[in-house]
Amino acid sequence: MNQCVTCKGKGLCGRPKCPVLERFREIEAITDPGTTNLSGASPPSVFVGRRGYPDVFAGPLIPPNIGGDEAQQYEDPGVLLSKNIDEIIGLRSRLVRSYTRLNVKTMHDPFLLTSQELAMADAPVDTEVWFARPPAARMAFDGMLMPMGPAGELTKITLTENPKVPTKIDYLVSDTDVLASDSIRELHRSRIPQHHITRIFSIGLLGKDRKLVPTRWSITAIDDMIGKMLLDDIRDYPEIKDIVLFTAEKFGNHFEILMIPRCFSFELIEIWLPDSVWSDRLWIGSDREDYGGKKGYSSLAGGYYAARTAVVEYLHAIRRQASIFIVREILPDYWAPLGVWVIREAVRGALAGKGGDLGARRFDSIDDALRDLSGRIRTPHVRWQNEMQLLDECRFQRTLTEFL
């Protein structure tokens with residue numbers, strides 16, 4: 001079963017259905033049985049599937065009979081971070097996914113145009129939808145994505161209010177001559193939330209050659225683009241002055257984040273304890289990149305890029321570079337997959353000193369910091385020490401500045 005840790009529901013085992021996710025799909029979502037029409041304020045939220053690509057299912061998500069600002073808590077990662085797993089699943093079970101089949105290059109379908117209009121908004125949008133048949137009351141879970149509630153095929157969709165669209169988004173969506181990467185850079189610099197950027201990128205609203213991008217691919221693509229964009233600047237910044245350690249724990253995900261005064265590198269070790277969501281026994285994996293950047297796709301999938309985004313945002317904000325070492329230990333408390341947003345937001349929270357975490361601690365040596373963080377990792381250090389490739393380089397290789 002340990003291959004499940006690297007697959008996380010992507011179907012790499014060749015089975016028609018993921019046995020891990022299937023046990024969660026038995027959780028009934030909350031909906032009105034027999035209804036083919038519902039209205040509510042979309043948080044806003046849209047979803048683009050990947051099955052059948054390039055012909056995919058796409059459409060907005062709506063919590064029935066929920067209006068105004070209350071709807072925002074169903075989608076906003078910053079709000080969801082303050083809740084527990086049961087509360088998150090309770091909220092997401094009420095979020096009905098409406099869909100229609102579209103080719104990814106079809107840009108003039110009326111259902112798509114309405115979904116795009118909704119996706120541009122930065123506040124909940126009152127929406128009414130009609131389905132071909134009542135949505136099935138089952139939940140959908142995925143290692144990359146937030147859980148979702150019932151799903152139904154659209155026959156009609158109407159926005160019953162005008163979406164409130166930020167000026168910067170309106171401008172860049174209207175500009176079909178700018179590259180998607182340049183639009184994403186501008187939106188991030190303008191402090192548009194990352195989940196909003198991901199939403200409009202996924203629904204085909206950015207770039208020259210526009211098309212739908214499955215939501216799970218969009219999440220990693222935006223993490224990767226933002227990370228690389230910020231690293232272009234960070235590589236010119238001076239190194240941090242001290243060895244600094246941050247700690248966080250959220251939803252059964254424990255993080256130790258060590259920053260060392262060196263040129264940029266990034267290493268992530270994942271430790272899945274027995275009986276955590278994807279593993280019935282201990283599993284340890286790692287991936288890394290040096291100053292030159294990541295080569296190929298990470299073996300740790302989207303979680304690698306989510307963690308990297310959070311730390312490079314921090315380094316960019318303080319205008320410094322560092323060698324980053326993260327240990328993520330996943331406990332049995334993480335009993336249902338919530339998506340990679342958990343990693344990104346937990347690391348952001350740790351670096352911002354939020355959520356009752358220990359805050360930044362400074363150390364005289366890497367070994368002192370390593371002893372300190374190892375004391376909070378449940379798995380003995382001897383079991384994961386061989387994964388510390390870049391950290392060991394920092395421990396045992398002397399730099400030029402040490403001789404000055």
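Summary of computed values
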quantity	calculated
Unmet requirement for Trp335, which otherwise passes all of (1) of a type in the set (A, V, I, L, M, F, W, C); (2) part of a loop (DSSP other than H, G, I, E, B); (3) modelled with pLDDT of 95 or more	(3)
Unique match (being crowded, with 23+ Cβ neighbours inside 10 Å and outside any helix (DSSP H, G or I)) among Val347, Val327, Val342	Val327
Some residue of region 119-128 being among the polar types (S, T, N, Q), over 25 Å from the mean Cα position of the chain (by Cα) and modelled with pLDDT of 95 or more	yes
Residue list for region 59-72, restricted to those being surrounded by 24 or more Cβ atoms within 10 Å (Cβ to Cβ) and over 19 Å from the mean Cα position of the chain (by Cα)	Gly59, Ile62, Pro63, Ala71
Qualifying position, being touching a helix residue (DSSP H, G or I) at 6+ places or on another chain (Cβ under 7 Å), in the same structural domain as Pro135 (by TED's automatic domain parsing) and either touching a residue at least 60 places away in the same chain (Cβ under 8 Å) or within 24 Å of Val96 (Cβ to Cβ) (or both), among Ile169, Ile222, Ile200, Ile184	Ile200
Check on Glu75, acidic (Asp, Glu), in the same structural domain as Val56 (by TED's automatic domain parsing) and farther than 23 Å from Leu212 by Cα	no
Test for Leu206: is it hydrophobic (A, V, I, L, M, F, W, C), in contact (Cβ under 8 Å) with a residue 40 or more places away in the chain, more than 27 Å from Gly353 (Cα to Cα) and not assigned by TED's automatic domain parsing to the domain that holds Met388	no
Pair list, Cβ under 7 Å, 6 or more apart: region 373-394 residue over 18 Å from Ala248 (Cα atoms) and in the same structural domain as Arg362 (by TED's automatic domain parsing), other residue at pLDDT 90 or above and part of a helix (DSSP H, G or I)	His381/Ser374; Cys394/Ile366
Residue in region 224-247 that is touching a Phe, Trp or Tyr at 6+ places or on another chain (Cβ under 7 Å) and of a type in the set (Gly, Ala, Ser) present	yes
Residue that is farthest from Pro193 (Cα to Cα) [pool: residues in region 220-243 that are acidic (Asp, Glu) and either outside any loop (DSSP other than H, G, I, E, B) or in contact with an Asp or Glu (Cβ under 6 Å, 6 or more places away or on another chain) (or both)]	Glu239
Test: Asp392 is part of a helix (DSSP H, G or I) and modelled with pLDDT under 95	yes
Among (1) assigned to a loop (DSSP other than H, G, I, E, B); (2) under 17 Å from Ile324 (Cα atoms), the one test that Leu258 misses	(1)
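Yes/no matrix, rows are residues, columns are (1) under 30 Å from Phe57 (Cα atoms); (2) aliphatic (A, V, I, L, M); (3) more than 15 Å from the chain's Cα centre (by Cα):
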{"site": "Ile197", "(1), (2), (3)": "yes, yes, no"}
{"site": "Ile226", "(1), (2), (3)": "yes, yes, no"}
{"site": "Asp236", "(1), (2), (3)": "no, no, yes"}
{"site": "Glu249", "(1), (2), (3)": "no, no, yes"}
{"site": "Leu268", "(1), (2), (3)": "no, yes, yes"}
{"site": "Asp280", "(1), (2), (3)": "no, no, yes"}
{"site": "Lys294", "(1), (2), (3)": "no, no, yes"}
{"site": "Ser299", "(1), (2), (3)": "yes, no, yes"}
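Residues are listed down the side, and each one gets a yes or a no for (1) in contact with a Pro (Cβ under 8 Å, 6 or more places away or on another chain); (2) modelled with pLDDT of 95 or more; (3) buried (at least 20 other Cβ atoms within 10 Å of the Cβ):
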{"residue": "His254", "(1), (2), (3)": "no, yes, yes"}
{"residue": "Phe266", "(1), (2), (3)": "no, yes, yes"}
{"residue": "Asp275", "(1), (2), (3)": "yes, no, no"}
{"residue": "Thr309", "(1), (2), (3)": "no, yes, yes"}
{"residue": "Ile318", "(1), (2), (3)": "no, yes, no"}
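The values are calculated or read from the model by the stated rules, or taken from the named source; none is laboratory data. Keep in mind it's a predicted model, so treat the numbers as computed, not measured. Please note: Cβ atoms are built from the backbone with ideal geometry, for glycine as well, and neighbour counts cover all protein chains shown.
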